[in-house]
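Peer 1: Take a look at this one; I'll ask things after.
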Amino acid sequence: MNFTNKNFPALKNDRLLRAARGQEVDKVPVWVMRQAGRYLPEFQEVRAKHDFFTVCRTPELACEVTLQPLRRYDHLDASIIFSDILVIPQALGMTVEMHPGKGPVFPNPLNDPMEIDGLKEDGAVSRLLYVGDAITLTRHKIEGKVPLIGFTGAPFTLMGYMIEGGGSQNMQKTKEWLTKFPKDVHKLLSLLTRVIIDYLVMQVDSGAQLLQVFESSADHLTREMFAEVSAPYLKEIRDGVRKQIEEKKLEQVPMTVFAKGGGHSLDVQATLGYETLGLDWTVDPVEARKIVGDNITLQGNLDPQDLYKTPEEIRQLTLDMVRKFGKTRYVANLGHGITPQTPLESMTAFTDAVHEAL
Ligand code: CP3
């Protein structure tokens, strides 16, 4: 495969991009966070043979699992490149392992602010070119069926994993750093922001057609803390990506920010320059629309646990959700990632119902 050929097949289904830009759509676009994941037996088959990060680092494997949900579900309107937010800490020189049943583990997390200077910012994006290759390969193999989404973790979420050494119930260590070492925290958040901007632009150069920024740990922040450690960096990322795309004469792409648990700061999120705001399931669609106004697209937000209900119950809940969001400036999704035990037919019920709604 020649990864320099960026002459991609024409896009046949642009509902997602139209919705992000506020244009009319024939049907509400739908995709699902973690749609390429453990609920799919074909994904489990690949994982049985290959380690998680080997799949991420091998463009052919990453492409294959990215395409799996599209083969099974006719009504998906987007794909998201198979990777992980934690490839950035890896590119900065940290070791990250994926332990089955436990999730990501950093054997040597950041234990002292002095260790920030040991992170290898130089060349970080060149160590992530495998993600770009996976994107380029997938853009060819997807044959223009649906757009391909690129993504990153947001600085605060990545910093939390780097300090805690994995997922955390209460972010105790990170919050201690916020109090004791505010300067170092902002230094680290700025470093991550610079790498993220270059990383996202590289993804666009490789063929990503929309970018999503995951601030998955916003649920640990108050409104005040969100304004201090999340919002300014999210804005810097949006502005920085737009500027670099312009300088490189690439085509601008819409961007989405998904701050899980960020319902306390939707008004702030609406000022950051993102075309789309992702909502978790605790946010009321009608209230969210009132807060953000009419010039932003909303994405979400069925409770992933609802996919354990019967297909008819899922259909009713989904129709109700679409009715509340309305049919313009809306992208249907779950309020967080699909979980591993979800029955396969629940995805059919969910995606069919979204398209039935219009
Ligand atoms: O959405 C997709 O289909 C694309 C792939 C994708 C993965 N991770 C694959 C994955 C995306 C977009 C992510 C993002 C990600 N990774 C986030 C942000 C989204 C969110 O869920 O809030 C976060 C916080 C991570 C870090 C991470 N990776 C965790 C906490 C875990 C363990 C939890 C779990 O679900 O197991 C992972 C592992 C992971 N990332 C898996 C997949 C398919 C499962 C691991 C496996 O296959 O063994």
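The values are calculated or read from the model by the stated rules, or taken from the named source; none is laboratory data. For clarity, every value in this text was computed on a predicted model and none was experimentally measured. Note that each Cβ is placed from the backbone with ideal geometry, even for glycine, and that neighbours are counted across all protein chains shown. Surface areas here come from the heavy atoms of the whole protein model, side chains and all, with no ligands, DNA or RNA. Shrake-Rupley method; radii C 1.70, N 1.55, O 1.52, S 1.80 Å.
Peer 1: Please give the number of the condition Asp84 fails out of (1) part of a helix (DSSP H, G or I); (2) within 18 Å of Glu164 (Cα to Cα).
Peer 2: With (1) part of a helix (DSSP H, G or I); (2) within 18 Å of Glu164 (Cα to Cα) applied to Asp84, the lone miss is (1).
Condition check ((1) in a helix (DSSP H, G or I); (2) farther than 12 Å from Val32 by Cβ; (3) modelled with pLDDT of 95 or more) across all residues:
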| residue | (1), (2), (3) |
| --- | --- |
| Glu312 | yes, yes, yes |
| Thr318 | yes, no, yes |
| His336 | no, no, yes |
| Gln341 | no, yes, yes |
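Peer 1: If I filter region 47-58 down to residues being more than 9 Å from the ligand (Cβ to nearest atom) and hydrophobic (A, V, I, L, M, F, W, C), which single residue comes out as farthest from Ile149 (Cα to Cα)?
Peer 2: So, considering only residues that are more than 9 Å from the ligand (Cβ to nearest atom) and hydrophobic (A, V, I, L, M, F, W, C), the one farthest from Ile149 (Cα to Cα) is Ala48.
Peer 1: Yes or no: Asp77 under 18 Å from Glu64 (Cα atoms) and either surrounded by fewer than 19 Cβ atoms within 10 Å (Cβ to Cβ) or in contact (Cβ under 8 Å) with a residue 60 or more places away in the chain (or both)? Before the answer, list the steps.
Peer 2: Details: under 18 Å from Glu64 (Cα atoms): yes; either surrounded by fewer than 19 Cβ atoms within 10 Å (Cβ to Cβ) or in contact (Cβ under 8 Å) with a residue 60 or more places away in the chain (or both): yes.
Here the answer is yes, as Asp77 does meet what is asked.
Peer 1: Regarding Arg242, is this residue basic (Lys, Arg) and either in a loop (DSSP other than H, G, I, E, B) or farther than 22 Å from Ile80 by Cβ (or both)?
Peer 2: On the way: basic (Lys, Arg): yes; either in a loop (DSSP other than H, G, I, E, B) or farther than 22 Å from Ile80 by Cβ (or both): no.
Judged against the criteria, Arg242 is not a match.
Peer 1: Something else about it: Please identify the pairs in which a residue from region 210-234 that is farther than 12 Å from Val257 by Cβ has its Cβ atom under 9 Å from the Cβ atom of a residue that is among the aromatic types (Phe, Trp, Tyr) and within 10 Å of the ligand (Cβ to nearest atom), counting only partners at least 6 apart or on another chain.
Peer 2: Pairs that qualify, where the first residue is farther than 12 Å from Val257 by Cβ and the partner is among the aromatic types (Phe, Trp, Tyr) and within 10 Å of the ligand (Cβ to nearest atom), are Ser217/Tyr161.
Peer 1: If I filter region 87-118 down to residues being crowded, with 18+ Cβ neighbours inside 10 Å and in a helix (DSSP H, G or I), which single residue comes out as farthest from the ligand (Cβ to nearest atom)?
Peer 2: Ile116
Peer 1: Further question on the same structure: Restricting to region 195-229, name every residue that is of a type in the set (D, E, K, R) and in a helix (DSSP H, G or I). Steps first, answer last, please.
Peer 2: Within region 195-229, the subset of a type in the set (D, E, K, R) is 198, 205, 215, 219, 223-224, 228.
Listed by number, the residues that qualify are Asp198, Asp205, Asp219, Arg223, Glu224, Glu228.
Peer 1: On the basis of being closer than 16 Å to His264 by Cα and among the polar types (S, T, N, Q), does Thr282 make the cut? Don't jump to the end; show me each part of the working.
Peer 2: Working: closer than 16 Å to His264 by Cα: yes; among the polar types (S, T, N, Q): yes.
Yes.
Peer 1: Further question on the same structure: How many residues are open to solvent by less than 90 Å² (accessible area, probe 1.4 Å) and more than 12 Å from Gly22 (Cα to Cα) when one looks only at region 292-308? Working first, answer last.
Peer 2: Applying the first criterion (open to solvent by less than 90 Å² (accessible area, probe 1.4 Å)) to region 292-308 yields 292-293, 296-304, 306-307.
Of the ones still in play, those that are also more than 12 Å from Gly22 (Cα to Cα) are 292-293, 299-304, 306-307.
Here the count works out to 10.
Peer 1: Which condition from (1) out of contact with any strand residue (DSSP E or B) (no Cβ under 9 Å at 6 or more places or on another chain); (2) surrounded by 18 or more Cβ atoms within 10 Å (Cβ to Cβ); (3) free of Cβ contacts under 8 Å to residues at least 60 places away in the same chain is the one that Ala36 breaks?
Peer 2: All conditions pass for Ala36, except number (1).
Peer 1: Find the residue count for region 59-76, including only residues that are away from the ligand (no atom under 13 Å from the Cβ) and out of contact with any Asp or Glu (no Cβ under 9 Å at 6 or more places or on another chain).
Peer 2: The total comes to 1.
Peer 1: Also: I'd like to check something: does region 239-252 contain any residue that is in contact (Cβ under 8 Å) with a residue 60 or more places away in the chain and either of a type outside the set (Phe, Trp, Tyr) or within 16 Å of the ligand (Cβ to nearest atom) (or both)? Walk me through it before giving the result.
Peer 2: Initial filter on region 239-252 (in contact (Cβ under 8 Å) with a residue 60 or more places away in the chain): none.
No; the residues of region 239-252 include none that is in contact (Cβ under 8 Å) with a residue 60 or more places away in the chain and either of a type outside the set (Phe, Trp, Tyr) or within 16 Å of the ligand (Cβ to nearest atom) (or both).
Peer 1: Can you tell me which of Gln209, Gln169 is over 21 Å from Ala124 (Cβ atoms) and away from the ligand (no atom under 13 Å from the Cβ)?
Peer 2: Values: Gln169 fails: away from the ligand (no atom under 13 Å from the Cβ).
Criteria check complete, one pass: Gln209.
Peer 1: Among the residues of region 220-231, are any over 16 Å from the mean Cα position of the chain (by Cα), surrounded by fewer than 22 Cβ atoms within 10 Å (Cβ to Cβ), within 16 Å of the ligand (Cβ to nearest atom) and more than 30 Å from Glu345 (Cβ to Cβ)?
Peer 2: Yes, that holds for at least one residue.
Peer 1: Output yes when any residue across region 255-267 is out of contact with any Gly (no Cβ under 9 Å at 6 or more places or on another chain), open to solvent by 10 Å² or more (accessible area, probe 1.4 Å) and either over 17 Å from Ala218 (Cβ atoms) or in a strand (DSSP E or B) (or both), and no when none is.
Peer 2: Within region 255-267 (the criterion being out of contact with any Gly (no Cβ under 9 Å at 6 or more places or on another chain), open to solvent by 10 Å² or more (accessible area, probe 1.4 Å) and either over 17 Å from Ala218 (Cβ atoms) or in a strand (DSSP E or B) (or both)), the answer is no, since none of the residues qualifies.
Peer 1: Select from region 49-83 the residues that are in contact with a Pro (Cβ under 8 Å, 6 or more places away or on another chain) and of a type in the set (D, E, K, R) and list them in ascending order. Write out each step before concluding.
Peer 2: The first filter runs over region 49-83 and keeps only residues in contact with a Pro (Cβ under 8 Å, 6 or more places away or on another chain), leaving 76-79.
The one that is in contact with a Pro (Cβ under 8 Å, 6 or more places away or on another chain) and of a type in the set (D, E, K, R): Asp77.
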